[in-house]
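Here's the structure we're looking at; comments come further down.
Bear in mind that the values in this text are calculations on the coordinates, not laboratory data. These numbers were taken from a predicted model, which means no experiment stands behind them. A quick note on method: Cβ atoms are made from the backbone with ideal geometry, for glycine too, and the neighbour counts reach across all protein chains shown.
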Amino acid sequence: MEKADDIMAMCLHAGQLMLRYGSETFRVEDTMRRMGQAAGMEQVNTFVTTTAIFLSFKSPVDQRDHIQMLRIEERYQDLSKVTSVNQLSREYVSGLLTSREVKKQLKEIEESPMNYPVWFIYLASGIGGGAFSYLIGSSIMDMLPAALGGLVTAVALVRYQMRLKVKFFSEFLASFTGALIAMLMVQMGLVMNTNQVIIGTIIPLVPGVPLTNAVRDLMSGDLVAGVARGAEAAVSSMSIAGGVAVALTIFFV
């Protein structure tokens, strides 16, 4: 049987990657608990919030309790990595992989690039913005300005996040930039339905995954994590709305 410290590090690393890249807290807790039990640990207990992971268990070798906390400093959206870690944990629990192989593959998952290149994310944001504006009532002619605005918003968000540590301020500036571009196109006579184009422009910023995870955490009984994720989604929404409001104020006041 491996050392308890090695098992602790492996379980925490798996949970860290899942939580960092957008997994629900109950899934992180379940994965870590199953991995700890598969390693032979006793009395495995996990507690996960949106920013921290707690893991404790008793080692059958020395009959000592081991507990450790790991703080999550950064969070992204890459569900492909969540799926990879989840599958890796299933193979470990089934006995198909050793803990050494799991540690190696966890490191490879962490160091692997994003599932989609940045240019593809920009393109998808533009197409999504144009399509969504059409779905809520804009004309076909307005799809191109909305797509351009969505693309600019996505580019602005990535650039701001590279320079600013405050996530909500980056979202505020990105929504301001996108709405400003949309209003400039309105002033140039390129837009017929202003409201729909602005909505399409900021749609790449909408916190859909955090909001969905908040509902799922609440429904699974993880009240602390659910409320925290809901608050995060609410503050993001207010930041986005604030950026649009400032841009509109420049043109109408």
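Tabulated results
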item: Ranked packing of 28-36, 174-182, 4-12, most packed first, by mean Cβ within 10 Å; result: 174-182, 28-36, 4-12
item: Using alpha-carbon coordinates, inclination of helix 118-135 to the longest axis of the chain, degrees; result: 60
item: Calculated FRET value between Val209 and Asp65, using beta carbons and R₀ = 45 Å, to 0.05; result: 0.80
item: Fewest-first sequence of Leu79, Leu19 by Cβ atoms within 10 Å of each Cβ; result: Leu79, Leu19
item: GNM flexibility winner over the chain from Pro204, Pro60, Pro145 (Cα, springs under 10 Å); result: Pro60
item: Candidates Gly221, Gly128, Gly150, ranked by Gaussian network fluctuation over the chain, Cα under 10 Å, top entry; result: Gly221
item: Backbone HN-Hα couplings from phi across region 61-75 [Karplus 6.51/-1.76/1.60, Hz, Gly and Pro as x]; result: 7, 9, 6, 10, 7, 10, 9, 8, 10, 10, 8, 9, 8, 10, 9
item: Label-reachable residues, region 96-127, where backbone N falls under 12 Å from a point 7 Å from Val158's Cα toward its Cβ; result: 114-126
item: Segment Glu110-Arg90, length gained on full extension (0.36 nm per residue, minus Cα span); result: 5.4 nm
item: Candidate lysines - alpha carbon under 25 Å from Lys167, same-chain residues fewer than 8 apart omitted; result: Lys81
item: Under the Karplus curve 6.51 cos²θ - 1.76 cosθ + 1.60, θ = phi - 60°, whole-Hz ³J(HN,Hα) for region 33-46, x wherever Gly or Pro sits; result: 5, 5, 5, x, 5, 5, 7, x, 6, 10, 6, 6, 10, 10
item: Per-residue ³J(HN,Hα) for region 237-251, Karplus 6.51 cos²θ - 1.76 cosθ + 1.60, θ = phi - 60°, Hz, x for Gly and Pro; result: 4, 5, 5, 5, 4, x, x, 5, 4, 5, 5, 5, 4, 4, 8
item: Simple label model, 7 Å out from Cα along Cβ direction - Ala124 to Leu79, nm; result: 1.0
item: Those residues of region 61-89 whose amide nitrogen sits under 17 Å from the label point placed on Asp30, 7 Å along Cα→Cβ; result: 82-89
